[in-house]
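One structure is given below, encoded as structure tokens.
Where a number appears in this text, it was derived from the coordinates with a stated rule and is not lab data. All values derive from a computational prediction rather than experimental measurement. Note: ideal-geometry Cβ built from the backbone for every residue, glycine included; neighbour counts use all protein chains shown.
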């Protein structure tokens, strides 16, 4: 509970900075890019600076397999859940499905994992997050766009090429580099290690501040009365983590192999859903609302998550 309160207070600081324009929308976008391109990769690489052992290697491979299984199950579940959304148009449906499948691991997952499970959990979470980077920028784009372009259209070809290029991103590269260093038992020399450790240490406070400032700058009042917004949020924050927990328990999983999938399932809607919806013709207003509401309500559901996976 105390760790969640600390995160909440950091979000409040960001919210105040956003409302007073100490952090403008342009500042927030720049900070988000800095987090994704610099501090988060530093966290990932430093988290993998672990002494090599066959047991830890095997656990990493198991968690990678679990992640692919989780996403393989989440796609049909999302399509099944949205069959009840009969009044939603195709762009809105795509956003809801994306929101049900992809959570905010970068800005919320890493800070929450470190707070609830300790710094050692970041190694496993970094491995678990690799399929997110692959699938969100491939299957996720098809999903969020509502298949609006024909397969042979130049715009569709550009979208496919763009999504393939996005797979080579700092998070994926840092995970591959970090895992290679782990497998080779290679240590980063000082002072580079110390500099990366300090840089990565900025991730949690900066991520919370960015989330707060983003909430302060989000105007989505027109869609707040849409019941589908609240149903998807309930699915994202309550139903999906409960299903993940039940499935993990039924499979006999424990420790990090239980905690990490449940934690990722319980995070709010991925922040990049708004960006992808805007770029690929999705419903960016609904996407913004889902990010706002799920992030706000996660401040109350995350403490409950701590009791579930501790």
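Quick one: angle between helix 284-309 and the longest Cα principal axis of the chain, in degrees between 0 and 90, rounded to 10, please. Approximately 40 degrees, to the nearest 10.
Computed from the C-beta positions of residue 34 and residue 68, the FRET efficiency with R₀ = 35 Å rounds to 0.70.
At a temperature of 10 °C and a viscosity of 1.306 mPa s, determine how fast the chain diffuses translationally according to Stokes-Einstein, using the Kirkwood radius over alpha-carbon pairs as Rh; express D in µm²/s, rounded to the nearest whole number. It comes out at roughly 80 µm²/s.
Counting 0.36 nm for each residue step from residue 183 to residue 77 and taking away their Cα separation leaves a gain of 34.6 nm.
Once the Cβ-Cβ distance between residue 238 and residue 49 is put in as r, and R0 is 45 Å, what FRET efficiency do you end up with, to the nearest 0.05? Mind showing how you got there, number by number?
On the way: r = 36 Å, r/R0 = 0.79.
Computed FRET efficiency for residue 238 and residue 49 comes out at 0.80.
To the nearest ten degrees, helix 54-81 and the longest principal axis of the Cα atoms of the chain are 10 degrees apart.
Suppose R0 equals 30 Å; then what is the FRET efficiency for residue 56 and residue 304 from their Cβ-Cβ distance, rounded to the nearest 0.05? List each step's numbers first, then the result.
Working: r = 30 Å, r/R0 = 0.99.
Efficiency at R0 = 30 Å is approximately 0.50.
Per residue, the convex hull spanned by the alpha carbons of segment 1-119 comes to 166 Å³. Going by alpha carbons, how many degrees (0 to 90, nearest 10) lie between the helix axis of 203-216 and the longest principal axis of the chain? Computed tilt is about 10 degrees.
Along its first, second and third principal axes, ordered by size, segment 222-310 spans 43, 25, 17 Å in Cα coordinates. Ranked by how many other Cβ atoms sit within 10 Å of their own Cβ, fewest first, the residues 232, 301 fall in the order 301, 232.
Computed over the chain, relative contact order equals 35 percent, with contacts defined as Cα pairs under 8 Å that lie 6+ residues apart. Packing, as the average of other Cβ atoms within 10 Å across residues, places the peptides 9-20, 128-139 in the order 128-139, 9-20, highest first.
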